[in-house]
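One structure is given here, and the rest of the page talks about it.
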Amino acid sequence: MDTCKAIRDIRQEGYDEGHDEGYKESLITLGDLVSEGVLSVEDASRRARLTPEEFEEKVAAIQKR
C-alpha cells in the first residue's frame with residue numbers, strides 16, 4: 001500500500017467517525033426536544049430523515065449507552 005493511499009484511508013476513517021458521532025448527537029438533541037414537547041415525534045423523525053418508528057428505535061438505542 002502506498003503512503004498516500006494510507007493517509008487518505010486514515011483521513012476518511014476519521015471523517016466517517018466524526019460524521020457518525022455528529023449524527024448521534026443530532027438524534028439525541030431531537031429526542032430531547034421531543035421529550036420536552038418542543039417537537040412531535042413526526043417532526044423530529046422528518047428532520048432526521050427517518051420514519052417515526054426508526055427514530056424512536058435509534059434514539060432509544062443511543063440513550064441506553
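Brief remarks follow.
- Enumeration of residues in segment 40-59 that are more than 18 Å from Glu21 (Cβ to Cβ) and among the aliphatic types (A, V, I, L, M): Val41, Ala44
- Selected residue (only one of Glu36, Glu57 is modelled with pLDDT of 90 or more and surrounded by fewer than 10 Cβ atoms within 10 Å (Cβ to Cβ)): Glu36
- Any hit, segment 9-27, residues being of a type in the set (A, V, I, L, M, F, W, C), modelled with pLDDT under 95, in a helix (DSSP H, G or I) and at negative phi: yes
- Restricting attention to segment 1-28 and to residues that are more than 10 Å from the chain's Cα centre (by Cα) and polar (S, T, N, Q), the residue that is surrounded by the most Cβ atoms within 10 Å (Cβ to Cβ) turns out to be Gln12.
The values are calculated or read from the model by the stated rules, or taken from the named source; none is laboratory data. Everything numeric in this text was worked out from a predicted model, so none of it was measured. Cβ atoms come from the backbone with ideal geometry, glycine included; neighbour counts cover every protein chain shown.
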